[in-house]
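One structure below.
The values are calculated or read from the model by the stated rules, or taken from the named source; none is laboratory data. Predicted model only: the values in this text are computed from it and were never measured. Don't worry about glycine lacking a Cβ; one is built from the backbone with ideal geometry, like all the others, and counts go over all protein chains shown. To get the accessible areas, we keep the full protein, side chains included, count just its heavy atoms, and leave off ligands, DNA and RNA. Shrake-Rupley method; radii C 1.70, N 1.55, O 1.52, S 1.80 Å.
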Amino acid sequence: MISKSGIRVVAVSDYEELSREAARRIIAAVRQHPASVLGLATGSTPEGTYRELVRDHQEKGTSYRRVTTFNLDEYVGLAADNPHSYHAYMEQHLFRHLDISRERTHLPDGMAGEPEAECRGYEEMIRKTGGIDLQVLGIGVNGHIGFNEPGTPFSSETQVVRLTESTRQANQIHFEDPKQVPTHAITMGLATIFRSRSILLLASGAKKAPVIRRLLTEAEITPALPASILRSHRDVTLIADQEALSQVGSSLD
Ligand code: F6R
């Protein structure tokens, strides 16, 4: 269903169905174009999707040998082997279970000596690979995508950002000590994300209901709600469960 916002909405019952539906779409893309370039997210939301991709790979043999991936972001100051890093997350939830070639998996280097150069290099690498075919996104309760917090210009490319307190708090669950949550990250910018040919936005749970209501029903496309940039993209599908859609009501009709 296309909502008034211009975003295609696929309503599912719960997190399990969301995970299966997202995985089904990613698998279809990879089967159709075995050399697909995928943009990937971390966080709680895509964990089930990755579990389904792994299961499909093991049971049905979908191959990722020719797939290239670019992750949205990485914390500054965490090395790839730090268990809290997004490098480690991707290894644990996806890469180590697939036949993907490690040289074709990319995340920003949170330990780069020259972070600005790292950002430019990351952007360049995406461009040289021909751009992202299918970008998977989660959404923050404040409307961030990647780590592009409210106020980030729509023209932003891969950059170093300071995390807001709300984002640091939301991510505390993944750390033993709240003080360990890094203060900065490297993230693809909003323009980088927008250049993806196709976008799959995932939202699950009651916590996401207010931001999904804002995204689908508020009139304005504004940097105050970074995800609102997606409303002017030609090919965005939001897969959201009942809880995440619980404040949208009849405005989807
Ligand atoms: C993750 C990312 C973030 C998350 C968002 C939602 O790579 O860039 O934008 O997608 O914070 O996180 P969860 O899924 O944990 O609610």
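Are any of the residues in the stretch 227-250 at pLDDT below 95 and open to solvent by 60 Å² or more (accessible area, probe 1.4 Å)? Among the residues of the stretch 227-250, at least one is at pLDDT below 95 and open to solvent by 60 Å² or more (accessible area, probe 1.4 Å), which makes the answer yes.
Among the residues that make up the stretch 188-195, is at least one of them at pLDDT 95 or above, of a type in the set (D, E, K, R) and within 17 Å of residue 239 (Cβ to Cβ)? For the stretch 188-195, residues at pLDDT 95 or above, of a type in the set (D, E, K, R) and within 17 Å of residue 239 (Cβ to Cβ): absent. Going residue by residue through the stretch 167-186, is there one that turns out to be among the small types (Gly, Ala, Ser) and modelled with pLDDT of 95 or more? So far as the stretch 167-186 goes, yes, one or more of its residues are among the small types (Gly, Ala, Ser) and modelled with pLDDT of 95 or more. Give the residues of the stretch 58-99 that are open to solvent by less than 30 Å² (accessible area, probe 1.4 Å) and either at positive phi or among the small types (Gly, Ala, Ser) (or both), sorted by residue number. Result: 85, 88. Scanning the stretch 100-129 for residues that are open to solvent by 40 Å² or more (accessible area, probe 1.4 Å) and in contact with a helix residue (DSSP H, G or I) (Cβ under 8 Å, 6 or more places away or on another chain) yields 102, 109. For the stretch 205-253, a residue qualifies if it is under 14 Å from residue 8 (Cβ atoms), among the small types (Gly, Ala, Ser) and more than 16 Å from the chain's Cα centre (by Cα), and exactly one does: 232. The single residue among 240, 244, 227 that is part of a strand (DSSP E or B) and within 16 Å of the ligand (Cβ to nearest atom) turns out to be 240. Assess whether residue 214 counts as being within 23 Å of residue 49 (Cβ to Cβ) and not hydrophobic (A, V, I, L, M, F, W, C). When the stated conditions are applied, residue 214 does not pass them.
So for the stretch 166-187 (the condition being in contact with a strand residue (DSSP E or B) (Cβ under 7 Å, 6 or more places away or on another chain) and within 13 Å of residue 226 (Cβ to Cβ)), does at least one residue qualify? Within the stretch 166-187 (the criterion being in contact with a strand residue (DSSP E or B) (Cβ under 7 Å, 6 or more places away or on another chain) and within 13 Å of residue 226 (Cβ to Cβ)), the answer is yes, since at least one residue qualifies. Listed conditions (1) open to solvent by 30 Å² or more (accessible area, probe 1.4 Å); (2) in contact with a His (Cβ under 9 Å, 6 or more places away or on another chain); (3) among the hydroxyl-bearing types (Ser, Thr, Tyr) are all met by residue 217, apart from (2).
Checked against the criteria, residue 49 does not count as closer than 22 Å to residue 193 by Cβ, touching a Gly at 6+ places or on another chain (Cβ under 6 Å) and surrounded by 16 or more Cβ atoms within 10 Å (Cβ to Cβ).
Does residue 135 count as more than 19 Å from residue 188 (Cβ to Cβ) and within 15 Å of the ligand (Cβ to nearest atom)? Judged against the criteria, residue 135 is not a match.
Contact map, the stretch 57-70: residues that are farther than 16 Å from residue 33 by Cβ paired with residues that are outside any loop (DSSP other than H, G, I, E, B), Cβ distance under 9 Å, separation 6+ or inter-chain. Pairs shown: 57/27; 57/97; 58/97; 60/27.
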